[in-house]
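Working notes for the structure below.
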Amino acid sequence: MSAVRATRRRRYLFDRDGVLAPMMLLPSVVYIVALVAVPFFLAIAYSLSDVTVGDPSFDYVGLRNFRAVLKDPVFRRSLTNSIFITAVTMVLVLVLAKILALVLTRDFRGKWGVRFLILLPWTTPVPLAAIAWLWMLDSLFSPIDWTLRRLGLLEGNLHWLGNSKLAVASVITVQVWRIVPLAAVIIMAGLAAIPQDINDAAEVDGAGFWRKLFEITIPLTLPVTAVATLFGAVLVFTDMSVVYVLTRGGPVDATQILPTWAFFRGIQGGDLAQGAAVALFLFPLLLAMAVLILRSVRRMEVL
Amino acid sequence: MAIVEVRHLTKKFEGNATFAVDDLDLATTEDEYLVLLGPSGCGKTTLLRLIAGLEQPTSGEVLIGGEPMVGLPPRARKIAMVFQSYALYPHKTARKNIEFPLKASGMEPGDRAKKVEWAAELLGITRLLDRRPRHLSGGERQRVALARALVREPDVFLLDEPLSNLDAKLRATARDDLKQFQDRVGTTTIYVTHDQVEAMGLGDRIAVMSEGRIRQLGTPHEVYHDPADTFVATFLGSPPMNIVERDDVLVGFRPESLLPKGVVEPDDDAVSVPFSVHRVENLGSERHLVGTVSGIGADTRVIAMLPSTVSVEVPVDETAEFVIRGADLRFFDKDTGGRTARRRL
């Protein structure tokens with residue numbers, strides 16, 4: 001009897017929370033340390049050194065790289081471009097995503113087909129999509145130019161990626177095209193979370209479409225919109241593939257952004273230390289953005 | 001202030017085989033408190049939403065104050081509605097919530113503020129005006145929702161189970177408040193509930209609904225004492241009316257009508273029946289005797305309800321003589337369930 005009891009009463013190793021919890025966490029911790037933390041600290045270390053592709057020996061040089069980077073006009077151009085492109089993209093994304101979400105939550109024939117089509121850009125790998133856009137924006141054979149010519153609105157070609165203003169606009173267009181589906185889906189979730197009673201009450205209370213939109217729907221989806229903004233902004237701000245495929249930062253650095261500049265400096269230019277310094281500028285900006293948005297979400301008092 | 005009338009109103013939701021509201025006719029009288037009562041899924045909320053304009057009927061007419069309303073949006077109908085969840089705007093303070101319909105109607109800010117104060121005072125929520133809904137209790141939310149409905153001075157109030165989110169204790173006082181509110185405002189009110197106590201307590205008239213149709217429309221006294229069919233008879237009352245099968249009719253009597261011999265003064269048509277008691281439930285204010293009654297028709301399991309003022313000893317598992325007064329017997333058709341002529345047993 002007592003022997004049976006003794007075995008039954010035994011505690012196995014995994015019964016102990018002190019063992020099980022760390023075991024379950026281990027894979028993700030390893031993943032984050034290996035692929036996020038190590039490169040991050042490596043970048044900090046590189047930025048304080050004189051490491052190049054040709055000379056990987058580590059010598060501490062203090063803030064010399066940062067001083068050099070800050071003096072570089074291309075870096076400043078990249079920084080303002082990064083902020084400008086992200087800001088304009090997000091404003092357009094929010095307006096379009098909100099409209100799209102409102103349309104898609106309505107009941108209409110073929111709703112699911114339309115939803116599927118709209119989500120497609122999001123499921124396409126960014127570089128592939130960028131290549132498709134590269135063809136769309138071709139200096140000679142652009143179908144956009146062809147259509148405009150056929151409509152009699154244009155003679156010759158627009159040279160989308162050759163003109164510095166049009167190149168920035170092109171980059172923004174592609175980014176908007178890429179982010180809108182994600183933002184729309186997030187905002188749709190927010191719209192679906194508004195209780196039907198609230199919509200009905202607004203209707204009974206006599207609110208028309210615009211009043212309902214601005215006084216009820218938008219305030220109630222504000223937190224979720226902020227989340228969509230954060231995700232979208234981070235994706236746009238850190239993306240280099242669109243610019244890399246479309247313009248390589250040109251013409252004459254007109255579309256150069258921080259990620260591409262870090263890549264050109266560090267990898268193609270071989271100056272790993274300066275590349276790391278450029279890349280590190282992304283970090284405080286992203287951090288500030290995330291803190292700002294998440295704090296304002298917490299302060300918003302809905303539901 | 002206005003009479004609400006529906007004619008041949010039918011609503012069928014897409015993909016549903018049955019009608020939510022089935023060729024329904026109903027009219028309120030001036031300033032009446034009409035209660036729509038029925039089990040869940042009987043179509044009472046759909047009927048209310050059709051009157052509000054939140055749903056469009058498949059066919060039929062809705063008239064408010066004699067004007068046809070079908071096709072008009074809710075805001076054009078001079079109605080106000082209180083929802084089961086209260087549906088307060090969570091991001092607005094109570095004041096802004098109450099003000100919202102006035103703002104939507106384009107009233108001047110000065111007049112709006114006065115109107116909000118007036119409604120808040122009427123409902124005793126003046127000190128809560130600057131709070132948001134999440135900082136209000138259930139009862140307070142209900143008052144804010146009522147105030148929001150009141151400020152528009154609608155022709156008709158539509159209330160969709162406004163008490164069902166309150167706990168039992170609060171519900172009694174809230175019911176009292178609602179009745180006082182209606183007495184003061186005196187506007188035609190249509191009130192949807194599945195709770196017969198609310199319906200009996202609040203309604204001038206009750207429309208008992210089932211499967212998209214009205215089974216009976218009458219005063220609380222009528223629907224309780226003179227049910228039109230077996231559905232109404234067994235839906236109202238707790239415990240419900242006992243039904244005993246006898247040849248081609250169903251004989252119905254309320255549990256409180258089945259009493260031990262000697263307790264009641266029998267009338268001319270009174271029947272004396274043997275009642276064998278299986279179980280006694282003592283609920284304090286009353287006793288429920290569950291047992292089998294014979295002598296009326298088939299032996300049937302029924303419930304007798306004795307108020308605590310009747311202190312007769314009722315032994316379990318024994319048969320005693322019980323009496324039902326002839327005036328308390330109701331007869332229903334066995335096939336249709338509808339009322340039929342009284343007959344002697």
So for segment A:72-299, averaging the separation of alpha carbon pairs under 8 Å that are six or more residues apart and normalising by length, what relative contact order in percent results?
29 percent
Reachable lysines, given that their alpha-carbon falls under 21 Å from the alpha-carbon of B:K114 and they are not under 8 places away in the same chain:
B:K78, B:K92, B:K96, B:K103
How large is the charge dipole for segment B:174-311, taken about the Cα centre, if only the Cβ atoms of Lys, Arg (+1) and Asp, Glu (-1) carry charge, to the nearest 20 debye?
360 debye
Positive-pole candidate from B:G326, B:V310, B:A270, dipole of segment B:240-333, charges at beta carbon
B:V310
For segment B:4-225, what is the per residue volume of the convex hull drawn over the alpha-carbon atoms, in cubic angstrom?
126 Å³
Please report how far the C-alpha centroid of segment B:1-68 lies from that of segment B:292-323, rounded to the nearest whole angstrom.
42 Å
Cα lying deepest toward the dipole's positive end in segment B:4-225, options B:H221, B:V208, B:T173, charges on Cβ:
B:T173
Under the span-like rule (Cα at least 20 Å along the axis, Kyte-Doolittle mean at least 1.0), DSSP H helices of chain A:
A:17-32, A:73-105, A:164-192, A:218-238, A:282-299
Which residue, A:D50, A:D239, A:D197, has the most motion in a Gaussian network model of chain A that connects Cα atoms within less than 10 Å?
A:D197
Fewest to most Cβ atoms within 10 Å: B:H194, B:H221, B:H288 sort as B:H221, B:H288, B:H194
About the Cα centre, charge dipole magnitude for segment A:72-299 (Lys/Arg +1, Asp/Glu -1 at Cβ), debye:
40 debye
By how many degrees, between 0 and 90 and to the nearest 10, does the Cα long axis of helix B:109-123 differ from the longest principal axis of chain B?
20 degrees
All lysines inside 21 Å of A:K111 as judged from Cα atoms, apart from same-chain residues fewer than 8 positions distant:
A:K98
On C-alpha positions alone, give me the angle between the axis of helix B:168-185 and the longest principal axis of chain B, in degrees, nearest 10.
60 degrees
Placing +1 at every Lys and Arg Cβ and -1 at every Asp and Glu Cβ, with all other atoms neutral, what dipole size does the protein assembly as shown have around its Cα centre, in debye to the nearest 20?
3180 debye
Value at 222 nm in deg cm²/dmol, rounded to 500, when DSSP H runs of n ≥ 4 in the protein assembly as shown each add -39,500 (n - 2.57)
-14000 deg cm²/dmol
Fewest first, what order do B:M69, A:M289, B:M81, B:M305 take by the number of other Cβ atoms within 10 Å?
A:M289, B:M305, B:M69, B:M81
Order of A:R298, B:R77 - criterion: other Cβ atoms within 10 Å of each residue's Cβ, fewest first
A:R298, B:R77
Per the Cauchy relation, a quarter of the hull surface: what is the mean projected area of the convex hull of the alpha carbons in the protein assembly as shown, in nm²?
49.8 nm²
Calculate the all-directions average of the projected area of segment B:240-333's alpha-carbon convex hull, and give it in nm².
5.7 nm²
Antiparallel bridge percentage (DSSP; both residues within the protein assembly as shown; nearest 5):
75 percent
Please report the antiparallel percentage of the DSSP beta bridges confined to chain B, to the nearest 5.
75 percent
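Since every read-out is calculated from the coordinates, none of them should be taken as a lab result. Model, not experiment: these values are computed from the prediction. Cβ atoms come from the backbone with ideal geometry, glycine included; neighbour counts cover every protein chain shown.
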